[in-house]
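The values are calculated or read from the model by the stated rules, or taken from the named source; none is laboratory data. Bear in mind the structure is a predicted one, so any value in this text is a computation, not a measurement. Neighbour counts are summed over all protein chains in view; Cβ atoms, including those assigned to glycine, are modelled from backbone coordinates with ideal geometry.
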Amino acid sequence: MAPHINMKIYSWNMLFRNQKLDRAFDFIAQSDFDIFCMQEVPSTFLDRLQELPCHLTYRIDVERLLPGGTLPNFVVILSKYPIEDEGNVPFPDYWHQLPVRTRLFVSLMKPFGLSHIKNRGGHFADVRIGEKLVRVFNLHLILAHPTWRLREFEAAMLHHDPSRPTIVCGDFNILESRHITIANWLLGGPAWDAVLSRRERTVIEQRFVAHELTNALAGNVTHPISQSQLDHILLSKSFSVKKAEVLKDRVGSDHCPIYIETT
């Protein structure tokens, strides 16, 4: 059996409206990471990340269509090791498929950050660690119909080879607490996805197994408002988990950063 790979991996949705950007930058800069995946990174913060002494790759996470203009956010992969290749996973524009109730709900929730969005997508990078080439995915799945989330995850997995070392990070937006799954219906899903609060989690965990990936933080809450595990670091069998942790300091976000150390 090939030796396992020692790594320190972080994933964090930093919130595009984060008001503690200096603290956020210090948190990232002072983290002893091998891989750090981020979602909802504002343009100005991306500029700061490019000053760090590490390798970096990114793509547009989403473009938010706001009254004042278009606001891009980014998914970013930071790596201690060289990045040899990269690729994109474009996600569909679902706006014209959304029911009237969802468009109305988005309009009412604009003061809280919801808006018409476009140009969404995931990202992956091939990172060289000694003789090994590790594929790292960074995904931000849609906050809408659960079936669409699963479709986006499977689109990313078309670029996954179970025989090679793989890390899948990101905000999967899987709602699994009874007080919040009504959002599945409000955001375009069928009524049973609001009532059957554990249905989506059961399905996605089965897909993780099918793709030979382990969810080391299963059962942990990473988003206090939804009381759900929105944030994930999935690992292939090339990795053995030494430590898996949800960090309590959200550093200006609504999501907790998550951390895995492998050995």
>> Exactly one of these conditions fails for Ile83: (1) out of contact with any His (no Cβ under 7 Å at 6 or more places or on another chain); (2) closer than 26 Å to Val251 by Cβ. Give me its number.
In response: (1)
> Would you call Trp12 over 18 Å from Arg120 (Cβ atoms), among the hydrophobic types (A, V, I, L, M, F, W, C) and either buried (at least 19 other Cβ atoms within 10 Å of the Cβ) or more than 20 Å from the chain's Cα centre (by Cα) (or both)?
Replying inline: yes
>> Between Glu176, Glu212, Glu200, Glu152, which is surrounded by fewer than 17 Cβ atoms within 10 Å (Cβ to Cβ) and acidic (Asp, Glu)?
In response: Glu212
>> Just to verify a result, which residue in the range 94-103, among those that are surrounded by 12 or more Cβ atoms within 10 Å (Cβ to Cβ) and of a type outside the set (D, E, K, R), is nearest to Leu187 (Cα to Cα)?
In response: Thr102
> Do you know which residues across the range 152-173 are of a type outside the set (Ser, Thr, Tyr) and over 15 Å from the mean Cα position of the chain (by Cα)?
Replying inline: Leu158, His159, His160, Asp161, Pro162, Arg164, Pro165
> Which residue pairs have Cβ atoms under 8 Å apart, sit 6 or more places apart or on different chains, and have a first residue in the range 163-191 that is of a type in the set (Lys, Arg) and a second that is in a loop (DSSP other than H, G, I, E, B)?
Replying inline: Arg164/Ser236; Arg164/Ser238; Arg178/Ser197
> Do we have Leu21 as surrounded by fewer than 16 Cβ atoms within 10 Å (Cβ to Cβ), touching a residue at least 12 places away in the same chain (Cβ under 8 Å), in contact with a Ser or Thr (Cβ under 9 Å, 6 or more places away or on another chain) and not acidic (Asp, Glu) here?
Replying inline: yes
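Just give me the residues in the range 77-104 being over 19 Å from Asp126 (Cβ atoms) and of a type in the set (Phe, Trp, Tyr), in sequence order.
Within the range 77-104, Phe91, Tyr94, Trp95 meet the criteria.
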> When you scan the range 45-139 for strands (runs of 3 or more DSSP E) that lie fully inside it, which ones turn up with 1 or more residues that are touching a Pro at 6+ places or on another chain (Cβ under 7 Å)?
Replying inline: 55-66, 69-79, 121-129
>> So, in the range 137-151, exactly how many residues are within 17 Å of His211 (Cα to Cα) and within 12 Å of the chain's Cα centre (by Cα)?
In response: 4
> Ser240: among the small types (Gly, Ala, Ser), touching a strand residue (DSSP E or B) at 6+ places or on another chain (Cβ under 8 Å) and more than 20 Å from His140 (Cα to Cα), yes or no?
Replying inline: yes
> Among (1) surrounded by 14 or more Cβ atoms within 10 Å (Cβ to Cβ); (2) within 22 Å of Ser115 (Cβ to Cβ), where does Ala244 come up short?
Replying inline: (2)
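Quick one: is Asp85 at pLDDT 95 or above and buried (at least 16 other Cβ atoms within 10 Å of the Cβ)?
Judged against the criteria, Asp85 is not a match.
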